[in-house]
Amino acid sequence: MTGYFDHNATTSLHPAAREAWLRANERHWHNPSSLYRDAGIASQQLESARERLGALLGSEAERIVFTSGATESNNALFASLGEDQLVAISAIEHPSVRMAARKALDLPVNANGVVELDAVKMMIEAKRPALVSVMAANNESGALQPWREIAALCRSQGVLFHTDAAQWIGKIDATSLGECDFITGSAHKFGGPKGCGFLVLPTEDSRLHFMRGGPQESGRRAGTENYPAIEAMVKTLETITPRLGEIETEQSRRRDDFIAAMRSRFGDLRVISESAPRLWNTVLMVMPAHHNLKWLTALSRRGFSISTGSACSSGKEGSSVVVTALGASVDELKRVVRISGGWETSAEDWQTLVAAFGEVFEELNRGGRPQ
Ligand code: PMP
């Protein structure tokens, strides 16, 4: 039984990642830039991991730059753009895109929290941005964005397209993502180690510089490569990818049963982006009463981990720009909770969570924790 329902914040290390990480550290800990045989082998292993990741993303290996995670990838991309280059980003991007793309034009979302193709078309016609950035799946609502169609539209208009796929990769097959010019990914969202991720570029010789110094990553990101973490990240994705179709079918049913059970317990419960296609693991809902932090704390005491919105924007009351963009009022915002399951979350886990929500409701109605 697991009470962990915060997989969109981070995941535990997958056993395959752990094994790959340990093995890489034991055998190939040498500096891939050094010139002796063992270093050459480490370098070959690193390039093989790049090839394997390229196959999983439908991208040429040369386009991949390994980074410390999605925040670095997003920041590096926007830092590389000239001051005069216009960018358009969706209204529901993660703070690491929103804050990095400071003067960006806002692409609106519809009532389901989804960017419509027409909005992108109109933006391109009116403003001719150099780059459009729309995430693949939203970290809070789980709403899937039509990134594939937007990528095709941008391509036909000669506009570059970036997708932050941190929440998509490891949950839904990623082999078409290579159609985007830029892709952001982060290992710890899918069972890989923290502090490891990547940015896919349009071409090998893109003039993007993440970090200046040594010649690593074709001179684009200097610093000794974290091969063990990279190996672990690629290994997890290789392990999980063949199972994703089956996981989606099974887990979507469990998520929907959870919503139905919550509705029968709480009556009219608002699920944000409910009519949009969503990640199979995510439910962002407005509780009928009580502050979200009270729900979170009381559930935490019972061994359940949930969120009041993304970890990056929680802790600041009423600060979730995304939830507001998704159409929640200020009052509703205080009652929003996010539940995000994982590959192995069982039907029983979901149902136990419903029971815990019920108990907590009674506790909160009585005025809080029993003395
Ligand atoms: N983008 C999205 C969509 C995310 O969900 C997150 C993690 N909350 C990030 C970027 C930041 O990822 P990282 O922790 O790898 O920097």
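The values are calculated or read from the model by the stated rules, or taken from the named source; none is laboratory data. Quick caveat: nothing in here was measured; it's all calculated off a predicted structure. Positions of Cβ are generated from backbone atoms using ideal geometry, with glycine treated the same way; all protein chains shown enter the neighbour counts. Side chains included, ligands, DNA and RNA excluded: accessible areas come from the protein's heavy atoms. Shrake-Rupley method; radii C 1.70, N 1.55, O 1.52, S 1.80 Å.
Rounded, prolate or oblate: which fits the chain when a ≥ b ≥ c are the square roots of the eigenvalues of the alpha-carbon gyration tensor, with rounded for a/c under 1.5 and prolate only if a/b beats b/c? Provide the component values of the computation, followed by the final result.
Working: a/c = 2.10, a/b = 1.37, b/c = 1.53.
In terms of gyration-tensor shape, oblate.
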* Sulfur and carbon atoms: percent of accessible area, the chain [1.4 Å] -> 51
* Using θ = phi - 60° and Karplus 6.51 cos²θ - 1.76 cosθ + 1.60, couplings along region 193-204 (whole Hz; Gly, Pro as x) -> x, 6, x, 9, x, 7, 10, 8, 9, x, 9, 4
* Structure fact -> Counting only protein heavy atoms and rolling a 1.4 Å probe, one gets per residue an accessible area for the chain in Å² of 43
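Order LYS189, LYS334, LYS103, LYS194 by their accessible area, 1.4 angstrom probe, all chains in place, largest first.
Working: LYS189 35, LYS334 80, LYS103 165, LYS194 125 Å².
Heavy-atom accessible area, descending, gives LYS103, LYS194, LYS334, LYS189.
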* Under 5 Å between amide H atoms, partner at least 5 residues away or on a different chain: which partners does LEU107 have, H built in plane at 1.01 Å? -> ILE89, SER90, ALA91
* Proximal lysines relative to LYS235, as straight alpha-carbon distance under 26 Å, when same-chain residues fewer than 8 apart are discounted -> LYS171, LYS189, LYS194
* Classify region 1-50 as rounded, prolate or oblate, taking a ≥ b ≥ c as the square roots of the eigenvalues of its Cα gyration tensor: rounded when a/c is under 1.5, otherwise prolate if a/b is larger than b/c and oblate if not. => prolate
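If you count, for each residue, the other Cβ atoms within 10 Å and average over each peptide, how do 87-93, 246-252 line up from highest to lowest? Write down the numbers at each step before the final one.
Numbers: 87-93: 24.1, 246-252: 15.1.
For the peptides 87-93, 246-252, the packing ranking is 87-93, 246-252.
At 25 °C and 0.890 mPa s, grab the translational diffusion coefficient of region 243-366 from Stokes-Einstein with a Kirkwood Rh over Cα pairs, rounded to a whole number in µm² per second. Display every interim value, and only then the final one.
On the way: Rh = 14.9 Å.
Calculated translational D: 165 µm²/s.
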* Structure fact -> For LYS103, the aspartates and glutamates lying under 12 Å Cα to Cα, once residues fewer than eight places off in the same chain are dropped, come out as GLU83, ASP84
* **Full-extension gain in nm, ASN25 to ALA111, via 0.36 nm per residue minus C-alpha separation** => 26.1 nm
